[in-house]
Amino acid sequence: MIRFIATDLDGTLLDGERQLPEGIFDVVTELDRCGVLFAPASGRQYANLAKLFAPVADKCIFICENGALVKYKGQTLYLNPVPENDVARALEQIRAIPHLYPMLCGPENAYVESREQPFYDFATKSYTNCVLTNDLNGVIGREKICKIAIFDELGSAVNCIKKLPQRLNGLRIILSGADWCDVSAPNADKGAAVRFLRQTFGLKREECVAFGDHMNDYEMLTECGTAYVTENAYPPLKKLIPGTVPSNRDGGVLIKLKEILKTVREERA
C-alpha cells in the first residue's frame, strides 16, 4: 500500500501559470484521511510553501530548499545547511562569472543583493520572505544557509552548470530549472530528505511515490519505489525515469494522485 507521496511543484504539480491545480486540497485531505503522507518537495522556501498549501498545511510534510530543510506541522525535522566558509567561497566564485545573480536561502528568509529584472521578480514570487540587502556576505552567520540559488541570464544548462562545478569542489551544484542552478551541501538533495523521512516514519521504498520534472528531482525519484516524470520534463531526466504522466499544463500529477487515492481506498475497504 502507498503510504507516502512526494511531488515537485514548478513544472510538475503547478500548472503553466504556476498555480496549484483545482481540487488538490481535497485530494490531500483524503490522502491524509487514508493515512498517506503528502510532501510538496521544492526548491522554494518553507514560508512560500506553507502559504501555497495553507488550507492543508497541517496535513503536509514540506521538503523545502531542494531537500536541505524538512518541516512538519511547523517544526523543523531536518536541516542540512551549507557551511559558512563555503557560502563565502561560493559567493566569490559566482560573482566572478557574468550574468549570474545569487540568492542566499535560509530557513526563515531568502536574501538578494540585486533588483535586476527579471531576477528580482522571480525571486520575490517564489520566496514569500525575501529580503533585499546591500551585501550578501553580511548575511552569513545571521541564519543557516540551506542553499544558494543562482539565476542565470544565459540559461543555466549552457552557462553556470558548465563553469561552477570546477570552481566549487566539495559542494553540490545542480540544475533546478531552465534559468536556475543551486549550490548546496554535498549531501543535501530531495532524495536525502526522503530517505530521512522513510527512516523517521518507518516507510518502505515500495510504499513511496514521487513526481518530478528536472534534475534536482532525480535522487527523490530514485529513492521511491514508484517514480513518474511529467511529459514536459527535462529530456535527460526522461531518459533516466521511464514512468510518465501528462504534462503539468494537463494536470498529469493530479490525475495520477486521484488514481492512487482510489487504489488506496480500495485496499483499505
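Could you tell me which residue of the stretch 226-253 is farthest from residue 19 (Cα to Cα), considering only residues that are among the polar types (S, T, N, Q) and either part of a loop (DSSP other than H, G, I, E, B) or open to solvent by 10 Å² or more (accessible area, probe 1.4 Å) (or both)?
Applying the filter and picking the extreme gives 226.
May I ask you to list the residues in the stretch 54-75 that are open to solvent by 10 Å² or more (accessible area, probe 1.4 Å) and part of a helix (DSSP H, G or I)?
54, 55, 57, 58, 59, 66
Any idea which of 106, 16 is under 28 Å from residue 158 (Cα atoms) and under 15 Å from the mean Cα position of the chain (by Cα)?
106
Restricting to the stretch 225-269, count the residues that are over 21 Å from residue 14 (Cα atoms) and either among the basic types (Lys, Arg) or in contact (Cβ under 8 Å) with a residue 60 or more places away in the chain (or both).
Adding up the residues that qualify gives 7.
Restrict the check to the stretch 159-171 and report whether at least one residue is farther than 24 Å from residue 88 by Cα, loosely packed, with under 15 Cβ neighbours inside 10 Å and in contact (Cβ under 8 Å) with a residue 60 or more places away in the chain.
Checked the stretch 159-171: no residue is farther than 24 Å from residue 88 by Cα, loosely packed, with under 15 Cβ neighbours inside 10 Å and in contact (Cβ under 8 Å) with a residue 60 or more places away in the chain.
Out of the residues in the stretch 111-146 that are touching a Pro at 6+ places or on another chain (Cβ under 7 Å) and open to solvent by less than 60 Å² (accessible area, probe 1.4 Å), which is nearest to residue 176 (Cα to Cα)?
146
Tell me which of these residue 189 doesn't satisfy, since it passes every other one: (1) open to solvent by 50 Å² or more (accessible area, probe 1.4 Å); (2) in contact with a helix residue (DSSP H, G or I) (Cβ under 7 Å, 6 or more places away or on another chain); (3) charged (D, E, K, R).
(1) is the only condition that residue 189 fails.
Could you count how many residues in the stretch 197-216 are open to solvent by less than 10 Å² (accessible area, probe 1.4 Å) and over 19 Å from residue 245 (Cα atoms)?
So the answer is 1.
So which residues in the stretch 76-101 are under 19 Å from the mean Cα position of the chain (by Cα), of a type in the set (S, T, N, Q) and not in a loop (DSSP other than H, G, I, E, B), if there are any at all?
Residue satisfying the conditions is 76 alone.
Kindly indicate which of 219, 266 is outside any strand (DSSP E or B), in contact with an Asp or Glu (Cβ under 6 Å, 6 or more places away or on another chain) and open to solvent by 30 Å² or more (accessible area, probe 1.4 Å).
Answer to the check: 219.
The values are calculated or read from the model by the stated rules, or taken from the named source; none is laboratory data. Keep in mind that what you see is a predicted model, and the values were worked out from it rather than measured. Every residue, glycine among them, receives a Cβ derived from its backbone with ideal geometry; neighbour counts consider all protein chains shown. For the accessible areas, the whole protein counts, side chains as well, though only heavy atoms, and no ligand, DNA or RNA atoms are used. Shrake-Rupley method; radii C 1.70, N 1.55, O 1.52, S 1.80 Å.
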